[in-house]
């Protein structure tokens, strides 16, 4: 992804949009643009749009949002070059736990990785597989469904299809195990006692 320019920090929501590409950060950037345009329009082009007090309040809001956003972005350090290997390290650590059968630790790391980057195809596929192993089929289905809609999931198309097949097999075997065999069902059937002649 390369180095993020410093100018990106000057626009509220843009650093987070640059790194994560999330809709809420785009909405924050657009809302700031609308507020700034309102302040500019009411000050320089259309002075009747807002009263002098409302115009001053609009500029105060622009300044406050800008300062808060800049401090928040710099403090949180939304710069991908600061930690270039952290996501890969987390994924590798999750993979190690997965291969050792330490499901809880692997799931914790994968969920954390997806919290930071919801579009991480590799982590989402591994999490879906882990959930299938733990018989949490509904959650696995949700992750596989979301995974198929992500850009870059084509490279795992065979594995994704295999996961769908395994999920179908596991669900079928689970329902088969829950239903008793016909002979067992007949044996378990409650037979009412015969009427006793008085």
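Using 7 Å Cα-to-Cβ label points, what is the residue 146/residue 117 separation (nm, one decimal)?
The modelled label-to-label distance comes out at 1.6 nm.
When a footprinting reagent is the concern and you count Cβ atoms within 10 Å, what order do 111, 8 take, fewest first?
Ascending Cβ contact count within 10 Å gives the list 111, 8.
Neighbouring Cβ atoms within 10 Å as the yardstick, rank 175, 43, 129 fewest first.
Least crowded to most crowded, the residues run 175, 43, 129.
Compute the label zone of residue 154 within segment 110-125: residues whose backbone N is under 17 Å from the point 7 Å along Cα-to-Cβ.
Residues 121-122 qualify, since their backbone N sits under 17 Å from the label point.
Is the shape of segment 86-178 rounded, prolate or oblate, going by the alpha carbon gyration tensor and its root eigenvalues a ≥ b ≥ c, with a/c under 1.5 for rounded and a/b larger than b/c for prolate?
Because a/c hits 1.5 or more and a/b fails to exceed b/c, segment 86-178 counts as oblate.
Test of understanding: what is the full-extension gain from residue 170 to residue 61, defined as 0.36 nm times their sequence separation minus their Cα-Cα distance?
Computed gain between residue 170 and residue 61 is 33.6 nm.
Apply 1/(1 + (r/R0)^6) to the Cβ-Cβ distance of residue 43 and residue 23, taking R0 = 41 Å, and write down the FRET efficiency to the nearest 0.05.
Given R0 = 41 Å and the Cβ-Cβ separation, E is 0.85.
Could you state the number of Å between the C-alpha centres of segment 51-71 and segment 131-150?
Segment 131-150 and segment 51-71 have Cα centres spaced 45 Å from each other.
Counting other beta carbons within 10 Å of each residue's own, what order do 23, 164 fall into, fewest first?
Listed from fewest to most nearby Cβ atoms, that is 23, 164.
Bear in mind that the values in this text are calculations on the coordinates, not laboratory data. Every value quoted in this text rests on a predicted model; they were computed, and no experiment measured them. Glycine gets a Cβ as well: all are built from the backbone with ideal geometry, and neighbour counts include every protein chain shown.
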